[in-house]
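J.: To start, I am sharing the structure in question, which I have written as structure tokens.
The values are calculated or read from the model by the stated rules, or taken from the named source; none is laboratory data. What you see is a predicted model; the values in this text were computed from it and never measured. In this analysis, Cβ positions are derived from the backbone assuming ideal geometry, glycine residues included, and neighbour counts consider all displayed protein chains. Accessible surface areas use protein heavy atoms only, side chains included; no ligands, DNA or RNA. Shrake-Rupley method; radii C 1.70, N 1.55, O 1.52, S 1.80 Å.
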Amino acid sequence: MKMSIKRKTLYGAVALLLFTCPCIPGNAADGPEMVELGSLTQYYEPVQFDHELHVGMIESNECAICHHHTLGTPVLDPVCQRCHASSGETDFVACRDCHPAKRFSAEYLAVLEEDINLFHLEKPGLQGAFHQNCLECHKEYGAPTGCQDCHVRSEKGDKFFYSGEYAPEPADNSSGH
Amino acid sequence: MKKIDRRKFLKGSLAGGVVAAATGTTKKAHSAYSFEGYPDSMGVLVDLTKCVGCRTCEAACNKEQGLPAPDKPFDDMSVYDEHRHGGLKRRTSEKAYTVVNRYDIPEKGEPVYRKFQCNHCNEPACLTSCFVNAYTKTKEGAVIYDPKVCVGCRTCMIACPFYVPAYSYSSPIDPVIKKCIMCYDTRLKFGKPPACVEACPREVMTFGKREDLIKIGNQKIRTTPDRYVNHIYGEHEVGGTAWMYLSSVPFDQVGFDTKLGTQPIISYVKDFLAIVPMVLCIWPALFTGFHLLAHRKNARQQDNQTVKSKKEEGHE
């Protein structure tokens, strides 16, 4: 099937928008207002991440809380400072630019193995990076920590968790076994 | 499936016994041999400090393995208050090859969650205890089993130091062992991580080559010593396991048996088992020989006596 030029352009524009929005380097003020985090969603709806809101909660030079050393702002973790105290700004700053979507695929494991000098062996994948970074901070500052506080579960998710309309009949557990 | 009839089985075990008796009867030969796992076998490093007890791994396991519907939804956290007989926490069953348990540590502000499943030992006690050879340790590191061969004797349930194998008690006609196979059939074989690993939102589990995971574990301990106790559970326990653990609290406080030692379970019975074929094969032959020798002397004496008496009879 052939796509019309109009449709191609539209898809192209959408793709461009999706891939560039979160990748703009620079200081916090240059960052996007909202970021839709949905490339991995399977059982939940995408997260509408209010970047501007979160930027407003920190000082202007504290980008490293989430962006590590990539924005050129001072690195806070003393362990990271050993190498990244003045490593400067990087070309790519979006989470997915460094954290792989398929962290444990054979392809990515082979990449890790090839680079014998690689220090960041334990770098989490994209899903892990989101949930480790976001949730840790949310816990610390008393922000919501429930799964559905950030992303609503889809029907596929309900089925996966045997929840909602897919919930099992309550079993008789009176025997205590 | 290969069918083995009784005659062949007996023949085979007899031949095996003779070979075992002939080749390895010295103590040294046995203790020198120990299997430390296949060189490129995979494993999983579980970082307990990251688990928040969301039970997504349990749901993923259920889906991947096509297990029956659970008794309660996987987002129902009341399961953490359930206890089995004797106040024990939840364990694996024929309906759940992995379970997460909650441990309330008084010194810690928040509970510690611990995922529990087969640890896929380098030298599995279940495998060595199985008399029908239903178990296989694959080169990828998984300990799998053939339910068609399993006769349901449950010896592996007793042999396993982690109490992992479960039993299909619900099937009175053909009950078999049920346990985690590291998603070998559907994923591991094709180079993919187990379903639970991929599903975990917090990436509590790291999948990779076992030897790389030990490096990662040690690096984590070294760079953030305040976060972890200085031990990777499973690196050496019972000869090493494919699944290993990092924890912020001493392992015995979160349901781990820390008294298992570093020897594979089989090493405790290897020396004894080596004697069994010797006793079975050599003793009967040896003692029949002794008996015959002793008897021969008697028989000869009897013969002599009869000759003597005949001679005496002749003299008279």
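J.: So which of B:Lys89/B:Lys209; A:Lys123/B:Lys63; B:Lys95/B:Lys178; B:Lys89/B:Lys115; A:Lys123/B:Lys215; B:Lys72/B:Lys95 end up more than 20 Å apart, counting from Cα to Cα?
T.: Table pairs above 20 Å Cα-Cα are B:Lys89/B:Lys209; A:Lys123/B:Lys63.
J.: Can you pull the one-decimal nm distance between simple spin-label points at A:Glu155 and A:Gln42, each 7 Å off the Cα toward Cβ?
T.: Here the modelled spin labels are 2.0 nm apart.
J.: For B:Lys192, list the aspartates and glutamates whose Cα falls under 14 Å from its own Cα; do not include residues on the same chain fewer than 8 positions away.
T.: Partners found: A:Glu107, B:Glu64, B:Glu140.
J.: Principal axes first, then extents: for the Cα atoms of chain B, list largest minus smallest coordinate on each axis, whole Å, largest first.
T.: So the extents along the principal axes, rounded to whole Å, are 111, 47, 41.
J.: Please compute the net charge surrounding B:Ile105, taking Lys and Arg as +1 and Asp and Glu as -1 over other residues with Cβ under 15 Å from its Cβ.
T.: Result for the neighbourhood of B:Ile105: +1.
J.: Would you tally the net charge around B:Lys209, using a Cβ to Cβ cut-off of less than 11 Å, leaving B:Lys209 out, and scoring K and R as +1, D and E as -1?
T.: So the surrounding residues net to -3.
J.: While we're looking at this one, here's another question. At R0 = 45 Å, how high is the FRET efficiency between A:Cys137 and A:Ile116 if r is their beta carbon distance? Nearest 0.05 is fine.
T.: Efficiency, from the Cβ-Cβ distance: 0.85.
J.: Taking chain B as a Gaussian network, Cα atoms linked when under 10 Å apart, which of B:Leu67, B:Leu246, B:Leu280 shows the biggest mean-square fluctuation?
T.: Sorting by GNM fluctuation, first place goes to B:Leu280.
J.: Which value, in square angstrom to the nearest 100, describes the accessible area buried between chains B and A on both sides, using a 1.4 angstrom probe?
T.: By this definition, chains B and A bury close to 2900 Å².
J.: Run the 1.4 Å probe and let me know the accessible area of B:Tyr80, rounded to the nearest 10 Å².
T.: About 10 Å², rounded to the nearest 10.
J.: Take B:Val149, A:Val75 and sort them by solvent-accessible surface of the protein heavy atoms, 1.4 Å probe, largest at the top.
T.: Accessible-area ranking of B:Val149, A:Val75, largest first: B:Val149, A:Val75.
J.: Also: Counting Lys and Arg as +1 and Asp and Glu as -1, what is the net charge of the other residues whose Cβ lies under 14 Å from the Cβ of B:Gln302?
T.: Overall, the nearby charge balance is +4.
J.: Mind listing which chymotrypsin sites (Phe, Trp or Tyr not before Pro) in segment B:168-252 are in a DSSP loop and have 14 or fewer other Cβ atoms within 10 Å?
T.: Within segment B:168-252, the qualifying chymotrypsin sites (Phe, Trp or Tyr not before Pro) (loop, at most 14 other Cβ atoms within 10 Å) are B:Tyr169.
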